[in-house]
Structure formats: structure tokens, C-alpha cells
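Trainee: Handing you this structure, nothing more for now.
The values are calculated or read from the model by the stated rules, or taken from the named source; none is laboratory data. It should be emphasised that the depicted structure is a prediction, and the values quoted were computed from it without experimental measurement. Glycine also receives a Cβ, built like all others from the backbone with ideal geometry; neighbour counts cover every protein chain displayed. Each accessible area value is taken on the protein alone, full model and side chains, heavy atoms only, with ligands, DNA and RNA left out. Shrake-Rupley method; radii C 1.70, N 1.55, O 1.52, S 1.80 Å.
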Amino acid sequence: MNIERFIEARKEKGLSQIELADGICTQATLSRFENNGHVPNLKILIKLCNRLGLPMGELFPKVGVKYTEIIEKMNKAEFFLITSEYEQSQALLETISVCKIEEPLLALRYYYLKGFVMIFQDAEITDILFNFDQILLEEEVKDSEIFRLLAYTGIGMVFSREKDQEKAEFYFNKVLERIYTYPTKEIEDTWRVLNIVFQCGVFYAEMDEFDASNALLEYAVSICSDNHVTYYLARAAIQLAKNAITQNKPQHIILELIYDARAYAKINKNHVGLKLLSDMEKEVLNQVEE
């Protein structure tokens, strides 16, 4: 209860305790409230606040509000990560002071987002791994496992970028052992599972293991379908189209995948994906003409 705000409102009105309490309660009751934190019954409190013109809601603790702005920023940053708009995601993360985050899961979320964005911005490997270490070295708490799996995925992506496929596969395998049975409780869990499955699919495509890659990407599509989530449909379909091009599949199959991906990208307003698909379509059609 924000008693200081109550006292401030009384003084702004120029009322003594006796004057404010008159006809509502005893001065002693009001004194015990202001000086000792003994809250009067609700009817009395409402009358006192009405006399002061003070919304009673201003007195109650702001449950969960101190993280609202940070959570909103992280939601937007995670969406930009999903849609490959990494500069926008980075800009939002830079407005968040991680040292002020007291909630453990929120801090883990910050480090996961920071690490992934840095991967796509070609940051130094040590700086990227530092963010993932903040997750892996933190004591495990309830619901923290998904962030550990994301950290393993991110480390695998880093080693893949550095062309150290053996180390990369080690980390991706650690993830694949668990991700198929990971219980998703909230929509954000589904996003993160999709992120992991998608990145695993990309990794195996880069290793030319297209059976494994296509299976993972198709699994991502099924997760989207089962959970009515569209955000990764475009990216999974784009990668399936890329795989089909690399495998020299028939033109009509490739174009069908491109058109499916374009429909998903339009739904999600994934402008990066739409530009990529346009270039892919031109390349496929030009090859036929040649």
C-alpha cells in the first residue's frame, strides 16, 4: 500500500488528520494508517480517498508493472528476430538495461535474444558465447530449460558459422535429444521450439544432409499448423525451397514451395523473406530460360 501517496494527497488538500477523518472514522484510525500502516476497512478507505479525490488504485502496489515495458520490448525484439529484422531487434535490446532485470527468466530471455541477434550481425564469437554462458552458468530454475536449449542452439550456430562442423553438431545433437518432447505451455514456448527446430534444419542443410533438414523443416511446419502459429511457416518454407534448389528438384516443385512461402511471408509481413523469395523465383525462372 502506497501510504506516502495518501499522505501527500491529504497535504495537497490542506487537510489535517482530524479534518479528513471527520464523519468517516476516528482520527486514531487514520493515524494508525498513516503512521503504522494499519489499513482501515475497505469502506472507510474508499470514503477517505473520495474526500481526497484520490483514485484508490494509486495506493495499491503495482503488481508486475515494473516489468511491463521491458516485456513489451522483448516481445517486439523476439518478433523482429523471427522475421529476420535484426537491426530493429538490436535497437530495442539496446534500450534495456539488463542489470535492472531482477526476474531470472526475464534475464535469460534477454541473453538468448542478444546472443541470437549478435550471430546474425556477425559479432565476435567470444562476445556471442558470453551471452549464452550467462544462461548456461546460471542456476537452473523453473521453466529455464528452454533457454538452455536455445543457448546450445546458438552455440551450435556459432561453430557452424566458424566452419567447425564437428563442434556445431555436438551442440545441435544435445538440443535434438530433448526438443521433440519439450512441453510447450505458452505461445512463446512454441516460438522458441520452432526457432530451435528451424535452426537445426538450416544446419543440416548446410551440411548437405537434406533428408534430416527437410524432416526438421517439415516438423516445424506441422508445429505451426497444430498450434495455429504462422511466424515460422515462411522461414521453414523458404529453407525447404532452398533445399529443393540445391537438390536440383523439378521446377514445379521449387516454384510451389516458393509460392507457399510467399503466402506465409505476406501474412506475417516478413519483408526480408518476400525480397529473398522474389530473387529466388527470378533465379529459378532464369535457369529455365537459359
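Trainee: Checking the conditions here, which among Thr68, Thr153, Thr126, Thr83 is of a type in the set (Ser, Thr, Tyr) and under 30 Å from Arg5 (Cβ atoms)?
Mentor: Exactly one residue qualifies, and that residue is Thr68.
Trainee: Out of the residues in the range 156-172 meeting the condition of being out of contact with any helix residue (DSSP H, G or I) (no Cβ under 7 Å at 6 or more places or on another chain) and outside any helix (DSSP H, G or I), tell me which one is least open to solvent (accessible area, probe 1.4 Å).
Mentor: Asp164
Trainee: Among the residues of the range 180-189, are any among the aromatic types (Phe, Trp, Tyr), surrounded by fewer than 23 Cβ atoms within 10 Å (Cβ to Cβ) and closer than 22 Å to Leu274 by Cα?
Mentor: No, the range 180-189 contains no residue that is among the aromatic types (Phe, Trp, Tyr), surrounded by fewer than 23 Cβ atoms within 10 Å (Cβ to Cβ) and closer than 22 Å to Leu274 by Cα.
Trainee: Same structure again: Can you name every residue in the range 251-274 that is surrounded by fewer than 12 Cβ atoms within 10 Å (Cβ to Cβ) and among the charged types (D, E, K, R)?
Mentor: Scanning the range 251-274 gives a single hit, Lys269.
Trainee: Let me ask you something else. Go through (1) surrounded by 14 or more Cβ atoms within 10 Å (Cβ to Cβ); (2) in contact (Cβ under 8 Å) with a residue 24 or more places away in the chain and name the single condition Asn131 misses.
Mentor: (2)
Trainee: Of the residues Leu240, Leu216, Leu176, Leu233, which is at pLDDT below 90 and surrounded by 23 or more Cβ atoms within 10 Å (Cβ to Cβ)?
Mentor: Leu233
Trainee: Pick from the range 77-111 the residues that are modelled with pLDDT under 90, open to solvent by 30 Å² or more (accessible area, probe 1.4 Å) and under 13 Å from the mean Cα position of the chain (by Cα): which of them is nearest to Val272 (Cα to Cα)?
Mentor: So, considering only residues that are modelled with pLDDT under 90, open to solvent by 30 Å² or more (accessible area, probe 1.4 Å) and under 13 Å from the mean Cα position of the chain (by Cα), the one nearest to Val272 (Cα to Cα) is Phe80.
Trainee: Name every residue in the range 30-49 that is assigned to a helix (DSSP H, G or I), of a type outside the set (Lys, Arg) and either buried (at least 17 other Cβ atoms within 10 Å of the Cβ) or within 46 Å of the chain's Cα centre (by Cα) (or both), in order of residue number.
Mentor: Leu30, Phe33, Glu34, Asn35, Asn36, Leu42, Ile44, Leu45, Ile46, Leu48, Cys49
Trainee: Residue check: is Asn248 at positive phi, free of Cβ contacts under 8 Å to residues at least 12 places away in the same chain and open to solvent by 40 Å² or more (accessible area, probe 1.4 Å)?
Mentor: Yes, satisfied.
Trainee: Taking the residues in the range 8-28 that are of a type in the set (Gly, Ala, Ser) and open to solvent by less than 40 Å² (accessible area, probe 1.4 Å) as candidates, determine which candidate is modelled with the highest pLDDT.
Mentor: So the residue we want is Ala21.
Trainee: Looking at (1) at pLDDT below 90; (2) in contact with a helix residue (DSSP H, G or I) (Cβ under 6 Å, 6 or more places away or on another chain); (3) of a type outside the set (D, E, K, R), can you tell me which one Gly201 breaks?
Mentor: Among (1) at pLDDT below 90; (2) in contact with a helix residue (DSSP H, G or I) (Cβ under 6 Å, 6 or more places away or on another chain); (3) of a type outside the set (D, E, K, R), Gly201 violates only (1).
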